[in-house]
Amino acid sequence: MIDWKIDSWRKFPIKQVPEYSDMDKVASVEKELSIRPPLVFAEEARRLRKRMADVAEGKAFLLQGGDCAESFAEHNANNIRDSFRVLLQMAVVLTFGSALPVIKIGRLAGQYSKPRSSPFEVINDVSLPSYRGDMVNDMAFEDKAREPNPERLLQVYDKSASTLNLLRAFAGGGMADLTKLHEWNLEFVSGTNEAIKYKELASQITSALEFMNACGMTPENTAQLRETEFYTSHEGLLLNYEEALTRKDTITEEKGWFATSAHMLWVGDRTRSIDEAHIEYMRGIANPIGLKCGPSTDPDDLLRLIEKLNPLNQAGRLTLIARMGSADVYKKLKPLLTAVKKSGLIVGWCCDPMHGNTVKASSGFKTRKMDDIMAEVRGFFEVHNEMHTVPGGVHFEMTGQNVTECVGGVYEVNEANLADRYHTHCDPRLNATQSLELAFLVADLLAENRTNLAKKIVAVS
Ligand code: TRP
Ligand code: MN
């Protein structure tokens, strides 16, 4: 990588940096982080890059999801278990619908920082630094709480390590066993239409598993039935944290530099300027990375970004995460797809139907409507089908908890009851039922694609 060092980003203009009062303390925290063990291993990130290459080629489907912002207060085993469980349920629904392997990536074990539209928040004429995620400061609107504290970077490392540890235990230790599918239901989901649909699907899978069992393939002798690969990701926003956890791969020939805070990092829509620090850092790491593309993304700028982030045009290296908003998805995505397709550059395409659809309810709560979210997903598939490109995956903000943050869906959360269980530290998340509902929608769209594809093949032959 020409002229790149793990700290070369420091020479570039940068956005979204917290203003710390004690820079010596920041430096000592960075030093401490740089000698801690990596959270993930280079080979895992490389394996994910292979999986993402399959996503780009339509041989696998990506499911990425989790909190908008993880929080220290909600960091506990039950929450991690419930998020993991909903993601697995969604994955089962998607695997069944698409007959494709589903690549599971959590917005988990490191998603603790948030870009903000303004550095200050003003309430009743009092102005304080904006809340930038638990990685930086505290959400409470008080002087002391909002003061950025570098010690929090160490806390993020510790919390991420323990989350990751539990996720690994779940993924390999029996929680993902397909023969236990029926037991995965969350109490409050039961009774809903989604729960019934899920149970039906689980029964069909159980029949298939019984057949395979009779043929000699059991969870005891076949790891694929018992385990799953589960990856982690977050927005790579605080580059000093990422730099401190960037390590040279010493084991394989490739000898690249890897971000070891997570398997995958993405660049947000607010920090993706081509000549700025975030792109500089990302271009040098060998992990699979994501790039958020909002409605302001210009097709030519996008091509230049892709070339910079993936100069060798490797499949699996770069996934574009489109977040256009339901009203604009067709109009905004089409020129990007057209330009990328014409260029021959290899990328995966993923739909984030959350961030372009955030509205303020009359009660003042930030919310998202299930109808808009679904419309964006449908629009995303529609453009891809028209362009004969690959709708590779979905990216959701969701939780396993029974929250009331997005409106609509089978439970009929409405604007009046948003306040009941509105717990998010940032953007409104789908609750478990809403997440499942979306998984069924996406599975239907994928199944439709499969049927269309089969028809085309028949027509050609
Ligand atoms: N190992 C396969 C996979 O991860 C099958 C599988 C096992 C699975 N447990 C799962 C799929 C849980 C989805 C959810 O895809
Ligand atoms: Mn968000």
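The values are calculated or read from the model by the stated rules, or taken from the named source; none is laboratory data. Note that the coordinates shown come from a computational prediction; the quantities given were computed from them, not determined experimentally. Note that each Cβ is placed from the backbone with ideal geometry, even for glycine, and that neighbours are counted across all protein chains shown. Quick note on the areas: whole protein, heavy atoms, side chains included, nothing else; ligands and nucleic acids left out. Shrake-Rupley method; radii C 1.70, N 1.55, O 1.52, S 1.80 Å.
Of note:
- Cysteines, the chain, no other Cys beta-carbon under 4.7 Å: 215, 293, 350, 351, 406
- Loop-resident sites, segment 254-295, for trypsin sites (Lys or Arg not before Pro), counting at most 13 other Cβ within 10 Å (DSSP): 255
- Once the Cα-Cα distance is subtracted from the 0.36 nm per residue extended length, the residue 200 to residue 313 segment shows a gain of 36.4 nm.
- With every protein chain in place, segment 200-306: carbon and sulfur % of accessible area (1.4 Å): 51 percent
- Charge dipole (segment 382-461, unit charges on Cβ, about Cα centre) - positive-most of 410, 440, 452: 452
- Probe 1.4 Å, protein heavy atoms only - accessible area per residue of the chain in square angstrom: 42 Å²
- DSSP beta bridges in the chain [antiparallel fraction, %, rounded to 5]: 25 percent
- Cα shape, segment 141-188, gyration tensor, a/c 1.5 rule: oblate
- Positive-end residue of 223, 202, 239, charge dipole of segment 192-280 with Cβ unit charges: 202
- Here the relative contact order of the chain, from alpha carbon pairs under 8 Å that lie six or more residues apart, stands at 22 percent.
- Relative contact order %, segment 97-246, counting alpha carbon pairs below 8 Å whose residues are six or more apart: 32 percent
- Heavy-atom accessible area ranking, 1.4 Å probe, most first, across 123, 6: 123, 6
- With all protein chains in place and a 1.4 Å probe, the accessible surface of segment 58-196 carries 53 percent carbon and sulfur.
- At most 16 other Cβ within 10 Å, DSSP loop - trypsin sites (Lys or Arg not before Pro), segment 58-106: 59
- Taking every DSSP helix (H) stretch of at least 4 residues in the chain, weighting each as -39,500 (n - 2.57) and dividing the sum by the residue count yields a mean residue ellipticity at 222 nm of -13000 deg cm²/dmol.
- Across the options 98, 189, 2, the greatest Cα extent toward the positive end of the charge dipole of the chain (unit charges at beta carbon of Lys, Arg, Asp, Glu) belongs to 2.
- Of all accessible heavy-atom area on segment 383-456, the percent that carbon and sulfur account for (1.4 Å): 52 percent
- Pairs beyond 29 Å (Cα-Cα), from 25/360; 15/332; 255/334; 369/455: 25/360; 255/334; 369/455
- An oblate overall shape is assigned to segment 108-203, the ratio a/c of its alpha-carbon gyration tensor axes (a ≥ b ≥ c) being 1.5 or greater and a/b not exceeding b/c.
- Working ranking of peptides 424-431, 215-222, 195-202, 232-239 by packing, defined as the average number of other Cβ atoms within 10 Å per residue, highest first, is 232-239, 424-431, 195-202, 215-222.
- Beyond 19 Å in Cα-Cα separation lie the following of the pairs 59/104; 114/292; 5/31; 197/456; 50/159: 197/456; 50/159.
- All C-alpha to C-alpha distances of segment 284-355, sorted into 5 Å bins beginning at zero, yield P(r) values of 3, 17, 31, 26, 15, 7, 1, 0 percent in whole numbers.
- Solvent-accessible area of residue 1 with every protein chain in place, 1.4 Å probe, in Å² to the nearest 10: 120 Å²
- Its Cα centre serving as origin, the chain has a Cβ charge dipole (Lys and Arg +1, Asp and Glu -1) of approximately 1200 debye.
- Anisotropy class of the chain from Cα gyration tensor, a/c 1.5 cut: rounded
- For segment 113-176 versus segment 8-29, the spacing of their alpha-carbon centroids is 17 Å.
- When you restrict to C-alpha pairs under 8 Å that are six or more residues apart and normalise by the size of segment 311-420, the relative contact order lands at 29 percent.
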